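Okay, structure first, notes after.
The values are calculated or read from the model by the stated rules, or taken from the named source; none is laboratory data. Bear in mind the structure is a predicted one, so any value in this text is a computation, not a measurement. Here Cβ is always computed from backbone atoms with ideal geometry, including for glycine, and neighbour counts include all displayed protein chains.
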Amino acid sequence: MNWDLLFQLMINGIIVGLLYGVVAMCFVLIYKSTQVVNFAQGEFLVLGAWVCWFFVMKWQLPFVLAFIFAMGFMTIFGILVQMVILRPLIGEPIISVIMVTIGLSIFMQALMNWVFGNSAERFPSVFGDETVSIGGLQVETAYLMSLVLSLFVMGLFYYFFKFSRYGLAMRATAFNQQVAQSLGISVKQVFAMAWAISALVSCIAGVVLGLVNAVSNSLAIIGIKVFPAVIVGGLDSIVGAVIGGVIIGLLENLAEFFDGQFFHIGNMYTVAPFYVLIIILMIRPYGLFGTKDIERI
Amino acid sequence: MSHVPHPRPCGDFRTSYSADTSLFRTKVEGWTVYLGIFALLFTPLFFNDFYISQMILIGIYAIAALGLNVLVGFTGQISLGHSAFFGFGAFASAWLNNTTGIPVFICIPLAGLMTTAIGMIFGIPAARLKGLYLAIATLASQFILQDFFSRADWFSGGAYGSAAEVVNFLGIDLDTDTKYFYLVLFWVVVSFLAVSNLRRSRDGRALVAVRDHYLSAEIMGINLTRYRIMSFGVSSFFAGLGGALYAHYLQYVSVEGFTILLSIQFLAMIIIGGLGSVSGSLLGAIFILLLPQFMEEVASSAAMVFEGIEQSKAYIKEMSVGAVIILFLIFEPEGLIHRWRLIRASWKLYPFSH
Amino acid sequence: EDSVFVGHLVDYTGPTSFVSKFYGPGVRDAVDYINSTGGIDGTKIEMETIDYAYKVPQAIANYKKWKSKGMIALQGWGTGDTEALISFVAKDQVPVWSASYSGHLTDPTGKNPKTKKPAPYNFFYGPSYTDACRALVQWAAGDAKEKGLSNPKFVHTGDNHPYPNAPKEGCAEYATELGLEVLPPVVVPLGPGDFKAQCLTIKESGANYAYVGNLGGSVISLLKSCNTVGADVTYMGNVWAGDYLTIQAAEAKDYVFPTATPFWDAAADGMALVYKIADDSGFSKDAKPTHHYIRGVCSAYYMKEAMEWAKANGGLTGENIKKGMYVNQNWTPKGLEGVCLPSSWSPEDHRGSTVVSINKGSFEDGAVNIERIAEMTLPRRDDWVGY
Amino acid sequence: MLLEAKGINLRFGGIRALTDVSFSVRKGEVFSIIGPNGAGKTSMLNCISGRYKPQEGEIVYNGKSLIGRSINDRAALGIGRTFQNLALFSHMSVLDNIMVGRHHLLKNNFFTGMLYWIGGARKEELKHRRDVEDIIDFLEIQHVRNEPAGTLSYGLRKRVELARAIAINPDLILLDEPMAGMNLEEKEDMARYILDLNEELGVTVVMIEHDMGVVMDISNRVMVLDFGKKIAEGLPDEVMENEHVKHAYLGEEDELLHDEEAEAIAL
Amino acid sequence: MLAVNNIEVVFNDVILVLRGLNLTAERGKITALLGANGAGKSTTLKAIAGLLGSEDGEVSRGDIVYNGMNITQMPPEQRVRNGTFLVMEGRGIVQDMTVIENLRLGAFTQPQKNVAEDMDKVFNYFPRLRERTGLAGYLSGGEQQMLAIGRALMARPDLIMMDEPSMGLSPLLVKEVFGIIKRMNQELGISVLLVEQNANMALRAADYGYIMENGKIVLDGTAEELMNNEDVKEFYLGGGGNERKSFKNIKSFKRRKRWL
Ligand SMILES: Nc1ncnc2c1ncn2[C@@H]1O[C@H](COP(=O)(O)OP(=O)(O)OP(=O)(O)O)[C@@H](O)[C@H]1O
Ligand SMILES: Nc1ncnc2c1ncn2[C@@H]1O[C@H](COP(=O)(O)OP(=O)(O)OP(=O)(O)O)[C@@H](O)[C@H]1O
Ligand SMILES: CC(C)C[C@H](N)C(=O)O
Ligand SMILES: [Mg+2]
Ligand SMILES: [Mg+2]
């Protein structure tokens, strides 16, 4: 047993997992308020990264400014997407809405390929290539920033849903749009807000990922990758999303450890989380923190 | 799936219950379908290979989409792993034939049955999971099976894939598109008949009941676990059948053909065609298969007009595919079949609505 | 005949687009140039380019479509699809020049017992993946000796996919033969991602030389992640994994990779023709193509000369074109001297060339520096054919 | 005794929905359960139809214990049921809804169903279809038989639910507030159906209802629940006079309305 | 204060449900709308509240005027801000929220400072809600109804529309709920448009009544007039005079309403 390696992999798992958690939160946010599963989440994230990259590279803006601009851009983008694409579908069967987000992801993927090209582009190093050593593992500063950021955003979301008026409105909208309307909640506004926030947070996650791994359209697969995280945590739980993310991150790394050290099967890294996902769901059908449906008859 | 009335034209009174449970709602509709199938028998005489090959693919995808529609449309369980079952059927048929030498003609339905078994195993979580939780569990089966394909050298040829023999029927090699067309047509007709029949008999009704209100369905005597898992079985059967037909059409099976993208395409087919509608599955398959081709044409014409977008053609095509899906759902979120029903309803009720 | 039909598979949108968008235009532009300068003795090459996004089924479907259009030759792309098509093209007698340099394509008769399928109609320009990898290990063995490493370790990295897998076994055998210790392969996905976990495994395993089987984004991610983790390993890419773009994006240090042509601004006689071809096509000047473009040109020109021979000796059929490939030994297409390595194909051996140039590239002070560090000529061992 | 419940205790976390409830229903009677909202009436029906599993207690039906049996077995045992909040299959036609009630009587399965013409599925379907048409005639819903159940008005949906329960061929039918949301005329119709069902088909009825007029008129015996406990049982008139019942359920005087009006309401 | 002029409502572009419906609700009054199942009562209320959109329905003709404003095409949330509020059929409680959260939702359109005060008011009307701390989905039917009305109060409406508030309630609670409706009307001056099946209760509480059949108003008048109308007595109140027919002795023949 190579304890040192195991330990480092676990730290790596937690850090990567927290990033999954942030993306997972974006999912949960949209799901919780609109019941929509956003298949274009990954593309949102990449778009955010590209836009920031564009501002830095082409407009030569300082990074912080570019980052802020990118967040602003994505917020507006989220609202636009909601207005143009999702608003007409308010009240339609949920599966059609899901399909629309799939269409959106196809569209965005192609558009970004066209506009930004399909190769990976480097961000100029912002934090240098600085790394910090945690328990012997070198970790990029950008990742650590994302860790702090994600905890902060998580707290914000939690507060938002639990206590703010709009948080309540979002939950009510998710429960039943007609009921929400009857209470004077503007479903359109709620949707726009959910998408705006989600796009904004995706942008943060995208830029972080871009800083570490270079920006490329293939980063969008993280959109699919966080599904297990969301489900393990429970679809409608913010805290669950983060914990789910960490679990998936850990699992990936543990799988890599056992595979690399003992089994040599290869590719366990990508599949193992899915096995565990099924096992967790068989034990807890609503994930670890998801709310059970109320089933009365 | 919304509530559209099902009016019948005046004068079409049903005089027996058997007439009332017939496959087609009107005589005209029935004859249209019979004539359509009859006409299809002669299409290879009039169309070139390209069109035939498109029809073959439509037929194959329609069979698999039909299976998915049983699962999603009838039982209401979203699956993101349908292409893995499609792939399993493809590999299974090739493997059966390569290892046992059973004639391909027979391997195809057998592969369907093998896929049924696999589908039911992966359907076990359905007994406990609902909605999106189940959807993501099926996503897991997608990745698990895909990984299995790329690893199980003995079964699938691993990452390299494996060859699938030409179908031989009564001594005739079905090695041209024209010949293969009839094989696919046969299975399309059989599958669509079977599912139409299922829809109007006991177990099909039970599946829909489970979708609409599983709590009361259970109290009406329907065993939820059994039906939820069986619906995975039935759906996988058609996926496997379609996959097997696909394998022997391409004569080569490779894991790359069966990714999540194809699963999503299957979903798109049934949503755009019409959830729970048998004929919608076919319409959806036609739509999704022809859309990229059509957009390719559009992009090519655009490339001729505007200089310098030749290289970007592929992206323009993809973008239009995404855009059309979005636009379609915005304007017809309940599918092609719904639009058709609405047209029919307003046409028959006009001017005396209710 | 006014024209003959040739199929052309490219991947401009899929996982290998990183290099296909240079190699593909290389082939395309060369064929356009050939047509504009009289074609094959007056016969135009009508070539349809299809982006199949690296999906094997799509490639096969297109193959079938082309076949019904009377295709006589194919400019192929990936390993997966080319290997899948081996039997089809043999049966249909359609010679293929692929961009897959899989060793499995080099045994036309199946004389090596390890060959699964004889591949009589498959050609490619350049050394096979396995031979390139063998050359790299050979270099590594020497390098290890020089550095005084007592027990050098070698590891294969790459996705579980036909292309990275192609040289896996053959190369590992040769490495063992040379006295390197071969570690269990590490699976790295073909798309970009965060590969720190894999890098930690590589680092902890104590590997000294890692073969990089993937390309583009995946390689960039791998090099960056491993750099962070601090794995002290010499990375040796395959032929597609080494170009200035990759080195630049990954900020690589001492990255070793093989080539089969000169680089874009090399001073070779034949480069004039290459520039001409690129110029005529309007290939955007700022998109300074990577040298993969040049291999595309070579691939098209070998096909061209084989076709010319066929036309003169019985007509433009697949079978004749194939024969055309065997006519000369150690030949270079006219006008491309110094660009395409002299190659020989024979009915028993489709290893066109076994000469591998080895380069080392680094990203320093905002610029990419590449130097040639070795040139290996591998023996044409019988037990290596097709493998 | 067709149905006997002994010492039923049902808890949801800290909530005691039913506390030590025992009662028995004779074959052929109309047995009503009344009680304030939240008293546990629906929960009691749910225990009988298996939705809820009481922590303690025994339910015996026709000599067989129901505890531990799966929910879907009960249809075959002859227990039919309607629901307080409509539980129809809203996208299915009325006919199909009722045919679902025949589920346990039909033999065809996935395989024979797909073959339809071969293997007798068609014959069987048609035979049961005839029986279902009788039920449709009985409940006078011929005009909507092909409409999707979801588009019907509330009253009709209640009737379709009843039809579906009858299709089970029940010996015992559990009705959860069959008259809720109906106007007088429709209540009269519904009462007639229930009585016909009881008198002509001999089906035993257990009914929850808040309309005291209906309860008084058509039930043989009444049980009153309050806060999960049984507070009275007996003939309708006796129960109505019970002080405890008046206090907990019917309400005595009304500050706002006049006496006679209050009485009219109690009807 | 509210006038519905000759509206038609169509679902799915084809199903005509309301066909030229007229009614008015006076300020400070309780107006009752009665009618058989499927007459279109709920549809009428949804049309007024602007909630048809999500069911694929629309007002295809006529207009709805509230306080002199034509609100026919106004978005639903705007209508709530203008002071109309619909308590939906089936109550529309958000099941996975607590009582307090549901009440706070009711106050969505109100400034935060009113919330505490209004919540006290609601608990004052419905003391038993105060003790329910769990999720609203587990409340009994009666409690959910109370919560729904309480939630309406939180929006400080001028006109509350109620769709069958007595459905599924025990006799005691029916009285209580009607009592509260009356009290709300008198103490807070809220106008009420009441849809009911329980004609007895409704007409007693109301000032004016409408009876609708098949998407049209067929009869209207003051509550008094209606209660004394022979047809209404026969079909809605249960026989003429004080003699109530027993449900046991109903003859099995179909009667026809005279005005049809
Ligand atoms: N699934 C459940 N989980 C938690 N509590 C429940 C559940 N089902 C019922 N209860 C609680 O049990 C009690 C009894 O509920 P039940 O529905 O049986 O009442 P009821 O007598 O039918 O009332 P009503 O006349 O309003 O329908 C209520 O307090 C309710 O909140
Ligand atoms: N979304 C819808 N789609 C189609 N038809 C509908 C829809 N909603 C209502 N209807 C139809 O409109 C008519 C009136 O329905 P509505 O719910 O308004 O009646 P109601 O008077 O409230 O009846 P109830 O007393 O049963 O509640 C019914 O025939 C119903 O079938
Ligand atoms: C890596 C890509 C350039 C494709 C490569 N030719 C292969 O063998 O698959
Ligand atoms: Mg109840
Ligand atoms: Mg109503």
Count of the range D:133-159 residues which are more than 16 Å from ligand 5 (Cβ to nearest atom) and crowded, with 18+ Cβ neighbours inside 10 Å:
8
Answer from B:299, B:345, B:303 - the residue that is over 20 Å from the mean Cα position of the chain (by Cα), at pLDDT below 85 and surrounded by fewer than 19 Cβ atoms within 10 Å (Cβ to Cβ):
B:303
In the range D:235-256, is there at least one residue being surrounded by fewer than 21 Cβ atoms within 10 Å (Cβ to Cβ), more than 10 Å from every other protein chain (Cβ to nearest Cβ), at positive phi and away from ligand 5 (no atom under 16 Å from the Cβ)?
no
Kindly indicate whether residue D:82 is buried (at least 24 other Cβ atoms within 10 Å of the Cβ), at pLDDT 90 or above and of a type in the set (Ser, Thr, Tyr).
yes
Counted residues, the range A:41-63 - those being in contact with a helix residue (DSSP H, G or I) (Cβ under 9 Å, 6 or more places away or on another chain) and either closer than 13 Å to residue A:115 by Cβ or surrounded by 24 or more Cβ atoms within 10 Å (Cβ to Cβ) (or both):
14
Looking only at residues in the range A:244-281 that are facing another protein chain (nearest Cβ under 8 Å) and of a type in the set (Gly, Ala, Ser), which one is farthest from ligand 2 (Cβ to nearest atom)?
A:260
Residue hits (the range D:176-200; more than 9 Å from chain E (Cβ to nearest Cβ) and either without any contact (Cβ under 8 Å) to a residue 24 or more places away in the chain or within 16 Å of ligand 1 (Cβ to nearest atom) (or both)) are D:176, D:178, D:179, D:199, D:200
Name the helices (runs of 4 or more DSSP H) wholly inside the range C:45-101 in which the number of residues that are without any contact (Cβ under 8 Å) to a residue 24 or more places away in the chain and under 24 Å from residue B:166 (Cα atoms) is 2 or more.
C:56-68
Considering residues that are free of Cβ contacts under 8 Å to residues at least 24 places away in the same chain and more than 21 Å from residue B:85 (Cα to Cα), the number found within the range B:139-173 is 4
Close pairs (6 angstrom Cβ cut-off, 6 or more residues apart or separate chains): more than 19 Å from residue E:221 (Cα to Cα) and within 16 Å of ligand 1 (Cβ to nearest atom) in the range E:32-45, assigned to a loop (DSSP other than H, G, I, E, B) and at pLDDT 85 or above anywhere
none
Sole residue being more than 14 Å from chain E (Cβ to nearest Cβ) and among the basic types (Lys, Arg), chosen from A:296, A:284:
A:284
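It is to be established whether one or more residues within the range E:18-28 are touching a Pro at 6+ places or on another chain (Cβ under 9 Å) and among the β-branched types (Val, Ile, Thr).
No, because not a single residue in the range E:18-28 is touching a Pro at 6+ places or on another chain (Cβ under 9 Å) and among the β-branched types (Val, Ile, Thr).
Let's see how each residue does on (1) of a type in the set (Val, Ile, Thr); (2) part of a helix (DSSP H, G or I):
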{"site": "C:322", "(1), (2)": "no, yes"}
{"site": "C:329", "(1), (2)": "no, no"}
{"site": "C:333", "(1), (2)": "no, no"}
{"site": "C:341", "(1), (2)": "no, no"}
{"site": "C:356", "(1), (2)": "yes, no"}
{"site": "C:362", "(1), (2)": "no, no"}
{"site": "C:368", "(1), (2)": "yes, no"}
Which residues, counting only those in the range C:204-219, are at the interface with chain A (Cβ under 7 Å from one of its Cβ atoms) and in contact with a Phe, Trp or Tyr (Cβ under 9 Å, 6 or more places away or on another chain)?
C:216, C:217
Filtering the range D:137-180 down to residues that are farther than 27 Å from residue D:77 by Cβ and of a type in the set (D, E, K, R), which residue is farthest from the chain's Cα centre (by Cα)?
D:147
Test result for residue D:193, more than 16 Å from ligand 3 (Cβ to nearest atom), within 20 Å of residue D:133 (Cα to Cα) and aromatic (Phe, Trp, Tyr):
yes
Residue satisfying all of: in the range C:69-92; among the hydroxyl-bearing types (Ser, Thr, Tyr) and at pLDDT 90 or above; nearest to the chain's Cα centre (by Cα) among these:
C:79
Positions within the range B:310-332 being assigned to a loop (DSSP other than H, G, I, E, B) and modelled with pLDDT of 80 or more, in sequence order:
B:332
Show the residue pairs meeting these rules: Cβ distance below 9 Å; 6+ apart or different chains; first residue within the range D:146-157 and away from chain E (no Cβ under 11 Å) and closer than 17 Å to residue D:193 by Cα; second residue of a type in the set (A, V, I, L, M, F, W, C) and away from ligand 5 (no atom under 11 Å from the Cβ).
none
Kindly state which strands (runs of 3 or more DSSP E) lie completely within the range E:28-111 and contain at least 3 residues that are buried (at least 17 other Cβ atoms within 10 Å of the Cβ), at pLDDT 90 or above and within 10 Å of another protein chain (Cβ to nearest Cβ).
E:84-87
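From the list D:86, D:139, which residue is touching a residue at least 24 places away in the same chain (Cβ under 8 Å), within 16 Å of ligand 1 (Cβ to nearest atom), within 23 Å of residue E:39 (Cβ to Cβ) and hydrophobic (A, V, I, L, M, F, W, C)?
D:86
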What are the residues in the range E:126-162 that are in a helix (DSSP H, G or I), more than 10 Å from every other protein chain (Cβ to nearest Cβ) and surrounded by fewer than 19 Cβ atoms within 10 Å (Cβ to Cβ), if any?
E:127, E:130, E:131
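Yes/no per residue for (1) more than 10 Å from ligand 3 (Cβ to nearest atom); (2) closer than 18 Å to residue C:302 by Cβ; (3) at pLDDT below 90:
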| position | (1), (2), (3) |
| --- | --- |
| C:14 | no, no, yes |
| C:19 | no, no, no |
| C:23 | no, yes, no |
| C:28 | yes, yes, no |
| C:35 | yes, yes, no |
| C:48 | yes, no, no |
